[in-house]
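Visitor: Structure incoming, see below.
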Amino acid sequence: MKRQEHFCADESKGQACMDYAETRKKSREVQLQVAALENGTVIDHIPSSKLFQVISLLHLEKERSAVTIGYNLKSRKMGHKSIIKIADKFFSDDEINQLSVVAPNVTLSIIRDYEVVEKKEVRMPEELIGIVRCDNHKCITNNEPMQTRFHFLGKERGTLQCHYCNREISLSEVKLV
């Protein structure tokens with residue numbers, strides 16, 4: 001439709017305005033049908049550059065329930081963001097806190113019967129096991145079949161320390177296993 005048909009000041013175009021409004025209303029209803037989540041988890045405010053790391057970290061590629069992914073959506077807060085909705089899936093605090101390695105400011109909403117019943121904050125756990133790769137090529141975790149183990153040294157420092165070789169890694173430089 002033409003741009004002027006969006007405004008209904010001219011009565012001769014009233015039907016076109018009504019048709020446009022009805023189409024917009026139906027479009028929103030369809031969007032709601034796709035986006036509505038009866039039960040499950042919504043992970044919002046994911047930096048778009050980190051979306052695929054979040055998917056990998058939570059092993060969503062193996063998920064049997066419906067997973068809806070919104071990538072590079074406009075956001076007033078962030079400019080652009082991503083969002084993940086997982087039907088009938090509820091994560092443990094340990095699973096969610098692992099997200100802090102790649103996306104420390106995500107918002108997690110628990111949905112039951114189409115209502116948000118709980119919002120959770122993501123917090124960096126004191127210890128990360130099997131999540132982060134040590135960048136010291138001499139570290140035992142890079143030369144033997146064993147899981148990595150890192151200690152969080154605090155938000156002020158923003159670093160992790162390898163349990164085995166004591167190498168410190170900035171959170172901005174972390175590579176996932």
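The values are calculated or read from the model by the stated rules, or taken from the named source; none is laboratory data. Bear in mind the structure is a predicted one, so any value in this text is a computation, not a measurement. Neighbour counts run over all protein chains shown; Cβ positions are idealised from the backbone, glycine included. Surface accessibility is based on the protein's heavy atoms, side chains included, excluding ligands, DNA and RNA. Shrake-Rupley method; radii C 1.70, N 1.55, O 1.52, S 1.80 Å.
Visitor: Which of (1) hydroxyl-bearing (Ser, Thr, Tyr); (2) open to solvent by 70 Å² or more (accessible area, probe 1.4 Å); (3) at pLDDT 95 or above is the odd one out, the single condition Tyr71 does not satisfy?
Guide: (3) is the only condition that Tyr71 fails.
Visitor: Could you check Asp88 against (1) modelled with pLDDT of 90 or more; (2) open to solvent by less than 80 Å² (accessible area, probe 1.4 Å) and say which number it fails?
Guide: (2)
Visitor: Ser109 versus (1) more than 26 Å from Arg157 (Cβ to Cβ); (2) more than 10 Å from the chain's Cα centre (by Cα); (3) surrounded by fewer than 16 Cβ atoms within 10 Å (Cβ to Cβ): which is the lone unmet condition?
Guide: Among (1) more than 26 Å from Arg157 (Cβ to Cβ); (2) more than 10 Å from the chain's Cα centre (by Cα); (3) surrounded by fewer than 16 Cβ atoms within 10 Å (Cβ to Cβ), the lone unmet condition for Ser109 is (3).
Visitor: In region 121-140, how many residues are free of Cβ contacts under 8 Å to residues at least 24 places away in the same chain and either closer than 21 Å to Val106 by Cα or in contact with a Lys or Arg (Cβ under 8 Å, 6 or more places away or on another chain) (or both)?
Guide: The qualifying residues number 2.
Visitor: What number of residues in region 74-85 are open to solvent by less than 80 Å² (accessible area, probe 1.4 Å) and not polar (S, T, N, Q)?
Guide: Looking only at that region, the number is 6.
Visitor: Only one of (1) closer than 29 Å to Thr41 by Cα; (2) open to solvent by 90 Å² or more (accessible area, probe 1.4 Å); (3) out of contact with any strand residue (DSSP E or B) (no Cβ under 9 Å at 6 or more places or on another chain) fails for His137. Which number is that?
Guide: Failing condition for His137: (1).
Visitor: Something else now. Between a residue in region 83-111 that is at positive phi and any residue that is surrounded by 19 or more Cβ atoms within 10 Å (Cβ to Cβ), which pairs come within a Cβ distance under 6 Å, given they are 6 or more apart or on different chains?
Guide: So the pair list comes out as Asp88/Gly40.
Visitor: Restricting attention to region 143-150, does a residue exist that is open to solvent by 100 Å² or more (accessible area, probe 1.4 Å) and under 18 Å from Ser100 (Cβ atoms)?
Guide: The answer is no, given that none of the residues of region 143-150 is open to solvent by 100 Å² or more (accessible area, probe 1.4 Å) and under 18 Å from Ser100 (Cβ atoms).
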